[in-house]
1. Among B:Leu70, A:Leu51, rank each residue by its count of other Cβ atoms within 10 Å, from fewest to most, as a rough exposure measure.
2. Which FRET efficiency value, to the nearest 0.05, is calculated for A:Thr178 and B:Val219 with the Förster distance at 51 angstrom and r the Cβ-Cβ distance?
3. List the trypsin sites (Lys or Arg not before Pro) in the range A:167-214 that DSSP assigns to loop (not H, G, I, E or B) and whose Cβ has at most 14 other Cβ atoms within 10 Å. Which are they?
4. Just to confirm the number: angle between the C-alpha axis of helix B:43-74 and the first principal axis of chain B, 0 to 90 degrees, nearest 10?
5. Which distance in Å, rounded to a whole number, links the C-alpha centroids of the range A:55-128 and the range A:210-251?
6. Rounding to the nearest 10 and keeping the result within 0 to 90°, find how far the Cα-based axis of helix B:182-214 lies from the longest principal axis of chain B.
7. Average partner chain C-beta neighbours within 10 Å, per residue of A:63-72?
8. Based on Cβ point charges of +1 for Lys and Arg and -1 for Asp and Glu, what charge dipole magnitude is obtained for chain B about its Cα centre, in debye rounded to the nearest 20?
Amino acid sequence: MPAPQPFSSGSGPERRFHLLGWTLSRAPGSPPRPPPPIAAAPPADPLNEALERLPEPVMVVGARDAEDLADRQVLFANAAARDLLRLQGGVGPLVSAIRDPQVLEAIDESLFGGLEGRCVFHTVGNQDRHWLALTRPMGDSPGGARLALLLLRDETDARRSEHARADFLANASHELRTPLASLSGFIETLRGHARDDEAARDRFLGIMQAQAERMARLIDDLMSLSRIELNEHIAPAGRVDVGQAVNDVIDALAPLAQTRGVKLEAILPARGEVVAEGDRDQIVQVAQNLIDNALKYTPDGGVIRIEVFAGPESAITVPRDPTAARLALLVPDHAAGELYAAIRVADAGPGIAREHLPRLTERFYRIEGQKSGERSGTGLGLAIVKHIINRHRGGLMVESVLGLGAAFTAWLPVAR
Amino acid sequence: MNEHIVKSYGDELAHLTAEVTRMGGLAESQVNDAIAAVTKRDTTLAQAIVGRDERLDTLDTEIERAAIRLIALRQPMANDLRRTVGAMKIASNLERCGDLAKNIAKRTLILAENDPATALTRSIGRMGRLVAGRLKDVIDAYSHADIDRAVAVWLRDEEVDEHYNALFRELLTYMMGDPRTITAGAHLLFIAKNLERIGDHATNIAEIVHFQITGEEIVSQRPKLDSLKPQ
C-alpha cells in the first residue's frame, strides 16, 4: 500500500475538492493576481479547511485486502476525529483508532459491499459520549484501494436529557416524600388538637419552616445537579482565578464560622497566580460545598485548613499523611505533563471510615449513624462537586484519618 | 487466515496486533453490554451477549495459531518475540473477560425474574463503569504502545477492590435486612466478583504491555491500601 496521501497536499484527485474560483485563480500560467479583497490570507484550500474544521468527526478509510484487518488504514481524519480518537498525525491503522465491532462491521460493508452503514457507538471515559456512526462507500482510489467515509454524529445531548429527566423525577419524588410527610403531619396536628395551643403552634411552625427550607434546598441542588450533568461533556470556556474565587467563598462563610468558633485558615496564592480553565460560578460552588461540608463536621472551636496551589497531578495527590486512608473519587483522563490548580480543604471532624470512601459521591448517600444536625445537607453536595470537576476534566480525592479529620482535594487544569 | 498472500514479517506482526486490538474491542463491548444488561434488566441484550461469546473464543484460537505459526516460521527475537508472545497472552486474558461478561449476562437473565433492586444494580453499574474504563484504557495502551497509560492502569488497581469491598458490605446489609432477597443478592455478589476479576485481567494486560515494550517487569512500588490503614 502506498504511503497515504494527506488531503491537504492539494495534488492528485483531491484537486476536485478545490473551489472552482480558487482553482481558476491558481491556474497554471496565469499571472499572479492580487489577493482577494475580503480575506487577507485565504486558506490554501478552503474546502479542505472546511472539512478539517467541521465540528463533527470525519474520517476516510482505505483498504485493499478484505481479509486482513491490519490493512484498513485511516487516510484522513479531521481535527475533531483526531481529537476524539487520539489519532496522532491523522493517519494510521484503523483498529488503533476504532475497535468497536459494530463500527468496524459497518465500515467493512461500505468498503467491500458498497452499502451505507449506520450504527450507534459509545465512547466511555469520564465523559460518556453517544455517537451515531454513518458510513458511506467512496469507490476506489486512483491507487486501487477501496475507500469509505465515516462520519460520527454526537447524540449525547439527546440521550442525556432523556436520562436526566428520568433520574431527576426518581430522585426528587423519593427524597421529597419525607419532608412532605412531616409537613402534612404538622398541618393536621395544627388543625386538630394543637389548634389553640400557642406554644406548640410556634414550635411546629418553626419545624415546618425548617422542613420547607430543606425541600427548597433539595430542589435547588437537584436542579443544579441536573443542569451540570447536561453540560458535563462540554468543557467550560473561561478563565477563573481560583485563589480569588476561594477567597470570596471564605469571606462569605466567615460569619457562620465565627458563630461556631471555627477558624478558617487559608493559604492562598497571590491574585492572578493560579488561573484555571473554568466556569467561575461552578468553581465557587465547588469551594462552597467543600468548605460547607468541613464546617458541618468540624466541632466548635476547631480549625479548617484551606489551600489553593498549582502543580502536576503527582504533586497534588502525594500523600500528606502516610497513615491516612485515601481514595481517588475521580481521576482525569490521562494527559501527560498537564498542570493543575488544586483546592484542598481539610476539616478537624471525626474522619470517614474507609468503607464509606468509595460511595461518598453517590447521590443521597449518608453514612449510617451520622447525626443530621440542624444544618443537615441534602446529600448532594459532593455529587455536585464531582460532576463539576468532571466537566472541568479534573480530579477529586479524599483522605481521612479516623478521629483526626478528612481532607478533600479537587484539581482542574490550569489555563494555558 | 489468508495464507495465499505472501506477506512480509512486519505485516504479519502488524496483523497480529490488529487482531488482538479487534478482539479487545469485542471484549470491551461484551463487558459494556453486560453492565448495561444488568442495570437495565435487558434480557434480550443478555441473550445476545451469550450468543456472541463464541466469536471471542474463535478469535483467541486464531490469534494463538497465528502467533505459533509466526514463532515457528520466522523465529522472532527480542522485541518481536515479546510482541508475539504478548499477543497470545493478552488474547487469553481477553477471552477470560468475555467469559466473565457472559456469566454476568446469564445471571442477568435470572435476576430479571426477581423484583428489581434498583439501588444495588446502580452500585453495580458504577463499579462496572470503573472496570470498563480500565479495560478500555489498557487496550488503548496496547494499541498505541503507550507505556504511561499502561502503568496508570496498573497503579490504580486498588480502586476496583475498594469498590468491590463497599459493594460487598452493601449487599450483605441488604440480604440480612430481607432474607427474600438472598437469591438476587447472591447473584449480584457473583456479578460484582466477576467485575473485580475483569479488573484483574486489565491489570494483567497492563503488565504484559509493559513487558512487551520495555522487556522488564513493572517494579512493584504499588502502595497497598491495607498498609495505609490507621493503626
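1. Numbers: B:Leu70 22, A:Leu51 17.
Ordered from fewest to most neighbouring Cβ atoms within 10 Å, B:Leu70, A:Leu51 come out as A:Leu51, B:Leu70.
2. 0.45
3. Passing both the DSSP loop test and the Cβ count: A:Arg195.
4. Helix B:43-74 sits roughly 30 degrees off the main axis of chain B.
5. Rounded to whole Å, the Cα centres lie 38 Å apart.
6. 20
7. Taking the mean over all residues of the peptide, I get 5.
8. It works out to roughly 380 debye.
A short reminder: the numbers here are calculations on the coordinates, not readings from a lab. Keep in mind that this is a model prediction, so the values were computed, not measured. Heads up, the Cβs are rebuilt from the backbone with ideal geometry, glycines too, and the neighbour counts pull from every protein chain shown.
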